[in-house]
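The values are calculated or read from the model by the stated rules, or taken from the named source; none is laboratory data. Remember, it's a predicted structure, so these values are computed and weren't measured experimentally. As a convention, Cβ positions derive from the backbone with ideal geometry for all residues, glycine included, and neighbour counts pool all protein chains shown. These accessible areas exclude ligands, DNA and RNA; they are computed on the full protein's heavy atoms, side chains included. Shrake-Rupley method; radii C 1.70, N 1.55, O 1.52, S 1.80 Å.
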Amino acid sequence: VHVPPDDYELTYASRKVRLIFHQWKLYLTFVIAEGEYAGNEVKRYYNIRYVGLDENRRISAGWYSDLMREFVFLFDEKPRRPDEIPLTRFNNRTFLGRVESVTKDQFGNPIPKPLHYSRIAKLLELVD
């Protein structure tokens, strides 16, 4: 989905963990809450580590990672350990987020206009 770059009110929808290019990523999906683009989904991507085995696997993020910094900034709460980030705090919440357009690939080459997409660059504040 491609929407113009701007700050939008975003409602948390879901999360998913995926292994992309040998790196674990946490995808948080949000829905634009208001305005002309209401109902469109945008994602925030975080680099994470998976720790533990099988059913005891859990997400871990470094103390200075984007996930940890945004979590502490938004909720004013520091997790006890880096593998104890309570992602349930995002449930049923609305945030102000900065959405940007992706127009180049990972090598800096331009992406054709029909393939441009939007992603959340940063979650700025907790609205509700």
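At an R0 of 30 angstrom, the distance between the Cβ atoms of Asp105 and Glu55 translates into a FRET efficiency of 0.25.
How much net charge surrounds Lys113 when only other residues with a Cβ under 14 Å from its Cβ are counted (Lys, Arg +1; Asp, Glu -1)?
Result for the neighbourhood of Lys113: 0.
Loop-located chymotrypsin sites (Phe, Trp or Tyr not before Pro) across the range 10-54 with a Cβ neighbour count of 15 or fewer within 10 Å are Phe21, with loop assigned by DSSP.
Measure off, as a whole percent, the carbon and sulfur share of the 1.4 Å-probe accessible area of the chain, all protein chains present. Looking at the chain in its full context, I get 47 percent from C and S. Cross-link pairs exceeding 22 Å between alpha carbons, from the set Lys16/Lys43; Lys16/Lys122; Lys16/Lys113: Lys16/Lys113.
In whole percent, what relative contact order does the range 26-82 give with Cα contacts below 8 Å and a gap of six or more residues?
22
The modelled label-to-label distance for the pair Leu126/Asp6, using points 7 Å beyond Cα in the direction of Cβ, is 2.6 nm.
Each listed q (0.09, 0.14, 0.16, 0.23 Å⁻¹) maps to a log10 I(q)/I(0) for the chain, found by the Debye formula over equal Cα scatterers with no solvent: -0.28, -0.66, -0.85, -1.43. The trypsin sites (Lys or Arg not before Pro) of the range 28-90 that DSSP puts in a loop, and whose beta carbon has at most 16 other beta carbons within 10 Å, are Arg57, Arg80.
Summarising the amide proton neighbourhood of Arg15: residues at separation of 5 or more, or on other chains, whose placed amide H is nearer than 5 Å comprise Thr29.
The spread of Cα positions in the range 63-128, taken along each principal axis and listed from longest to shortest, comes to 43, 25, 16 Å.
Can you list which of the chymotrypsin sites (Phe, Trp or Tyr not before Pro) found in the range 60-120 are DSSP loop residues with at most 12 other C-beta atoms within 10 Å?
Trp63, Tyr64, Phe107
Taking every C-alpha pair closer than 8 Å and separated by at least 6 residues, the mean separation divided by the residue count of the chain gives a relative contact order of 28 percent.
To the nearest 10, the accessible area of Thr103 is 60 Å² with a 1.4 Å probe. Taking Cα atoms only, the orientation of helix 66-75 departs from the longest principal axis of the chain by about 90 degrees.
Among the protein heavy atoms, those of Val1 account for about 90 Å² of accessible surface (1.4 Å probe, every chain in place).
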